[in-house]
Each structure stands twice: as C-alpha cells, then as structure tokens.
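Visitor: Here it is: the structure, laid out below.
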Amino acid sequence: MNDFENIECQVLSKKYKLHIEDANFARGFIPQKVLLDSTRNIHSYFVFCKYEDGIFESEYWNKDSFSMALRSMIALQYSDLDRPLFFVFQDSENKYKIIEGNELREAFLENPEINIINYIKENSYYLLDVIIKIKKEL
C-alpha cells in the first residue's frame, strides 16, 4: 500500500506542482505525506486512499478497522496536528476526489452511527477545485 501512496503522491506533485513530501516524524496515525508551502512549512497532511468494491483502503487501516482508524486520525488532527488533513482517492470514474478531516469529524459528531463511506462518496469534492484554493494559500 505504501507504493500506492508514493505513486499517487508523485502523480499529484507533478500534475499540480505541489511539494508533497514524506514526514520524518510520522508514526501511528500521523500521516506520512505533508504538503509544504513556499517556506517549507507544513500546510496540510495528505492520506491517499484506494476506493475499490465499496471499501476505502489505506496503509493506516484495513477494511475491518477503517471507521476506528479514521476516527483516530481525525481526533489526532483535532488535538495535535493543527493543520488540515485531506483524504484523497479516485472515484469510480478515476477522477481524484478529496475531503477534509474536520468535515468528517463534524459528520461523526452529528451522527456517531453514520455510514462514513457513503458520506465520503457523497460529500467529497473534485481535487482540482480544492487544489486551486490550496495553491492560493501556498
């Protein structure tokens, strides 16, 4: 799975001219990919996911631990990271989609029993639309 994340990272870095690099301090649920701004400060964290057969896969979880791992990452973002945490995946049409961790946090708070996979599919944005906004911040 780590190879998948590295390939996706390289594709997006080239396509959108982003400085996404590995974080040396990453451990546990701290994402390994960080987007750096022009001064090499961390702008945000990225988690690259595969979406196949109705399941999101990542190096941070397996199909059985998805919801709990996602909740742990979002809690960590809220308490420790102090930066946006983006989950990136390709939809069934191979278009890149993105959703931010705080949006997922609010969805969990509103409904702890939410079907988070459906929520992500229905409420994620096209990556290009979000990248345009992010690039203005860099």
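The values are calculated or read from the model by the stated rules, or taken from the named source; none is laboratory data. Quick caveat: nothing in here was measured; it's all calculated off a predicted structure. Glycine also receives a Cβ, built like all others from the backbone with ideal geometry; neighbour counts cover every protein chain displayed. Side chains included, ligands, DNA and RNA excluded: accessible areas come from the protein's heavy atoms. Shrake-Rupley method; radii C 1.70, N 1.55, O 1.52, S 1.80 Å.
Quick grid of which residues meet (1) open to solvent by less than 70 Å² (accessible area, probe 1.4 Å); (2) closer than 14 Å to Leu85 by Cα; (3) touching a Cys at 6+ places or on another chain (Cβ under 9 Å):
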| site | (1), (2), (3) |
| --- | --- |
| Asp22 | no, no, yes |
| Ile42 | yes, yes, no |
| Glu52 | no, no, no |
| Ser58 | yes, no, yes |
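Visitor: Could I ask something else about it? Tell me, which residue of region 60-84 that is touching a Lys or Arg at 6+ places or on another chain (Cβ under 9 Å) and more than 20 Å from Asn118 (Cβ to Cβ) is surrounded by the most Cβ atoms within 10 Å (Cβ to Cβ)?
Guide: So the residue we want is Gln77.
Visitor: Sort out which residues of region 70-84 are free of Cβ contacts under 8 Å to residues at least 24 places away in the same chain and assigned to a loop (DSSP other than H, G, I, E, B), and write them in order of number.
Guide: If the condition is that a residue be free of Cβ contacts under 8 Å to residues at least 24 places away in the same chain and assigned to a loop (DSSP other than H, G, I, E, B), then Asp82 is the only one that fits.
Visitor: A follow-up question, please. I'd like to know if region 112-133 contains one or more residues that are hydroxyl-bearing (Ser, Thr, Tyr), modelled with pLDDT under 90 and open to solvent by 10 Å² or more (accessible area, probe 1.4 Å).
Guide: Within region 112-133, none of the residues are hydroxyl-bearing (Ser, Thr, Tyr), modelled with pLDDT under 90 and open to solvent by 10 Å² or more (accessible area, probe 1.4 Å).
Visitor: Anything in region 118-138 that is part of a helix (DSSP H, G or I), under 14 Å from the mean Cα position of the chain (by Cα) and within 18 Å of Lys50 (Cβ to Cβ)? List them, or say none.
Guide: Ile120, Lys121, Leu127
Visitor: Can you find even one residue in region 85-106 that is surrounded by 16 or more Cβ atoms within 10 Å (Cβ to Cβ), assigned to a helix (DSSP H, G or I), without any contact (Cβ under 8 Å) to a residue 40 or more places away in the chain and aliphatic (A, V, I, L, M)?
Guide: Yes, some residue in region 85-106 is surrounded by 16 or more Cβ atoms within 10 Å (Cβ to Cβ), assigned to a helix (DSSP H, G or I), without any contact (Cβ under 8 Å) to a residue 40 or more places away in the chain and aliphatic (A, V, I, L, M).
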